[in-house]
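The values are calculated or read from the model by the stated rules, or taken from the named source; none is laboratory data. This is a predicted model, so every value here is computed, not measured. Heads up, the Cβs are rebuilt from the backbone with ideal geometry, glycines too, and the neighbour counts pull from every protein chain shown. Ligands, DNA and RNA are stripped out before the accessible areas are found, and what is left, the full protein with its side chains, is counted by its heavy atoms. Shrake-Rupley method; radii C 1.70, N 1.55, O 1.52, S 1.80 Å.
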Amino acid sequence: MGAIKLIGIGADGPAGLPALYKRWIEESELLVGGKRQLAMFPDYKGETIVIRSKLAELVEQLRNETRTTVVLASGDPLFYGMGSYLANKLPIEVYPAVSSVQWAFAKMGESWQDAAFISVHGRPLTGLAQRIDGRRKVAILTDETNSPAAIARYLLEYGMTEYEAFVGEELGGPNERCRFFKLEEMAETEFLPLNIVVLRQTMPSPTWPLGIEDDEFFQRKPDKGLITKKEIRVLSLSALRLRPDSVVWDIGTCTGSVAIEAAKIARDGAVFAIEKNEYDIDICRQNLRKFRVDLTLVHGKAPDRLDEFADPDAIFIGGTSGAMAPLLDVCTKRLKKNGRIVINAATVETLAEACRELRARGFHVDIALAQAARSKPILELTRFEALNPVYIITAKREGDE
């Protein structure tokens, strides 16, 4: 088979296509595209195939196709489109149109090389808060469920009022409409189905560098202190070796301090947290909103409910509730290759049990005893007040890097 031509079409339809592209389409024997794209060519003489949700089936159809074939797509097929998938499976020549992102920034009169790009088209909003937080410009590809109004309501839940929004509807088409909004206004507005949202900061976002102070977190009252202390938290996060796209489990999350800092590091990944105490779940949710982190939080006692989580690259265990062996059975089986398990132990008994159980499951164990003290004023002098010592147990599977 010859190379398939993959042609991007803008909202203006065939009118915006170069004459050469139109000729390729007219002379092809097979035209493939979504219903909307195919409807733009009512006089096409060859056979057509409507693209549905399963691209793998389309690839199998086209793999042995001998006819001259053109595939139609929206905008730039290599920008959150099907182009990259098809190009990895079939001989494809890609001819992009101007993408909706280019149109949007052109209408704004704004540069876009320094923007972040996020798609929530056909995807859940989970994790969007930390992906957006602090970025100066963000372009968001939407769908009918994750509409501009839904996105505005979501951002308001996390207090992101420092952003103004631009919404471009049917850009390049006859019904084109471009407007700026405050989030409160956008949350109450209806939009045409084809649209793109661009967020732009009007003032700086709050910042929380690594090692958020303990007092910044909402905690239980009157028993404050049920939190992984800053010094221990930073060392534990370092031991987890997180990447921007890591999938992380936080078992026994309590206030959520480790999960929150992990999510800020792994902002393009996903964080899953479990806590057995219902009151702590409520406190954790308050902290998530304050620190602009959106993660999967469940109420339960691990290893129950861990089957609801995606396989992890890193697991932090802040408490086992006496179920070390069954918990490590699940964690060690689900951990991805080259993943890390980090356990904080406050007692020598927990240390001994964790090391024994991890080694029995083929894991190499490293232990650090963290003993920290914080300065405290006493009259005009300064003394040090010790924090409880904690064993930081880091485990990786034998043979992993």
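Placing unit charges on C-beta atoms (Lys and Arg positive, Asp and Glu negative, everything else neutral), compute the dipole magnitude of the chain about its Cα centre in debye, rounded to 20. Can you show the working numbers first?
Details: 52 positive and 56 negative charges, 128 e Å.
The calculation lands at about 620 debye.
Between segment 311-342 and segment 124-189, what's the alpha-carbon centroid distance in Å?
That distance is 37 Å.
Tell me, what is the FRET efficiency for C178 and A368 to the nearest 0.05, using R0 = 41 angstrom and their Cβ-Cβ distance as r?
Details: r = 55 Å, r/R0 = 1.35.
For R0 = 41 Å, the calculated efficiency reads 0.15.
In the Gaussian network model of the chain, springs joining C-alpha atoms below 10 Å, which of K45, K107, K182 carries the largest mean-square fluctuation?
Between K45, K107, K182, it is K45 that shows the largest mean-square fluctuation.
What distance in nm separates the simple spin-label points at E93 and F117, each placed 7 Å from Cα in the Cβ direction?
Label at E93, label at F117, 2.3 nm between them.
Helix-only estimate, please: 222 nm mean residue ellipticity of the chain, summing -39500 (n - 2.57) across DSSP H runs of length 4 or more and dividing by its residues, to the nearest 500.
Numbers: 13 runs with 115 residues, N = 401.
Helix contribution divided over all residues of the chain: -8000 deg cm²/dmol.
Pull out a ≥ b ≥ c, the square roots of the eigenvalues of the alpha-carbon gyration tensor of segment 147-256, then state rounded if a/c is under 1.5, prolate if not and a/b is larger than b/c, and oblate in the remaining case.
Details: a/c = 3.04, a/b = 2.35, b/c = 1.29.
It is prolate, given that a/c is not under 1.5 and a/b is the larger ratio.
Taking every DSSP beta bridge that has both residues in the chain, what percent is antiparallel when rounded to the nearest 5?
Working: 37 of 74 bridges.
Taking every DSSP beta bridge with both residues in the chain, the antiparallel ones total about 50 percent.
Assuming 0.36 nm per residue, please report the length gained on full extension of the stretch T207 to N338 beyond their Cα-Cα distance. Present the calculation step by step, with values, prior to reporting the outcome.
Numbers: separation 131, 0.36 × 131 = 47.16 nm, distance 3.11 nm.
That pair, T207 and N338, stretches by 44.0 nm at full extension.
When a/c reaches 1.5 or more, the comparison of a/b and b/c decides; with that in mind, is segment 266-329 rounded, prolate or oblate per its Cα gyration tensor? The partial results should precede the final answer.
Values: a/c = 2.23, a/b = 1.30, b/c = 1.72.
Oblate, because a/c is 1.5 or more while a/b does not exceed b/c.
Just going by the charge dipole of the chain, with Lys and Arg at +1 and Asp and Glu at -1 on Cβ, which of N388, A310, L171 is farthest out on the positive end?
Positive-end residue among those listed: N388.
Of the listed peptides 96-105, 65-74, what is their order by residue-averaged count of other C-beta atoms within 10 Å, with the highest listed first? The partial results should precede the final answer.
Details: 96-105: 21.5, 65-74: 19.4.
Per-residue Cβ counts within 10 Å, averaged per peptide and sorted highest first, yield 96-105, 65-74.
Find how many whole Å separate the alpha carbon centroid of segment 54-106 from the alpha carbon centroid of segment 277-302.
Their Cα centres are 41 Å away from one another.
Which aspartates and glutamates have a Cα less than 19 Å from the Cα of K35, not counting those fewer than 8 places away in the same chain?
Straight-line reach from K35, under 19 Å: D12, E26, D43, E47, E57, D76, D143, E144, E170.
Sorted by accessible area (1.4 Å probe), largest first, how do K276, K230 line up? Working shown, then result.
On the way: K276 120, K230 50 Å².
Of K276, K230, the descending order of accessible area is K276, K230.
Using unit Cβ charges (K, R positive; D, E negative) and no other charged atoms, how large, in debye to the nearest 20, is the dipole of segment 143-239 about its Cα centre?
Details: 11 positive and 18 negative charges, 102 e Å.
The calculation lands at about 480 debye.
In segment 298-353, which GluC sites (Glu not before Pro) fall in coil by DSSP and have 15 or fewer other Cβ atoms within 10 Å?
Qualifying residues, ordered by number: none.
At 7 Å along Cα-to-Cβ for each site, give me the label-to-label distance between T382 and A352 in nm.
4.0
Mind checking which of P91, A152, P42 is farthest towards the positive end of segment 37-166's charge dipole, using Cβ charges of +1 (Lys, Arg) and -1 (Asp, Glu) about the Cα centre?
Checked the options; the winner is P91.
Between E308 and E401, with labels modelled 7 Å along Cα→Cβ, what's the label distance in nm to one decimal, could you check?
3.4
Cα to Cα, under 19 Å, and not fewer than 8 places away if on the same chain: which aspartates and glutamates meet these conditions relative to K333?
D250, D304, D307, E308, D311, D313, E353, E357, E398, D400, E401
Picking from L20, L328, L288, which is most flexible by a Gaussian network model of the chain using Cα springs under 10 Å?
Residue with maximal mean-square fluctuation among L20, L328, L288: L20.
Set the Förster radius R0 to 60 Å, insert the Cβ-Cβ distance between S375 and R63 as r into 1/(1 + (r/R0)^6), and round the FRET efficiency to 0.05.
Details: r = 68 Å, r/R0 = 1.14.
Calculated value: 0.30.
For a quick check, take a GNM of the chain with Cα springs below 10 Å and name the residue from Y163, Y279, Y154 with the largest mean-square fluctuation.
Of Y163, Y279, Y154, the most mobile in the Gaussian network model is Y279.
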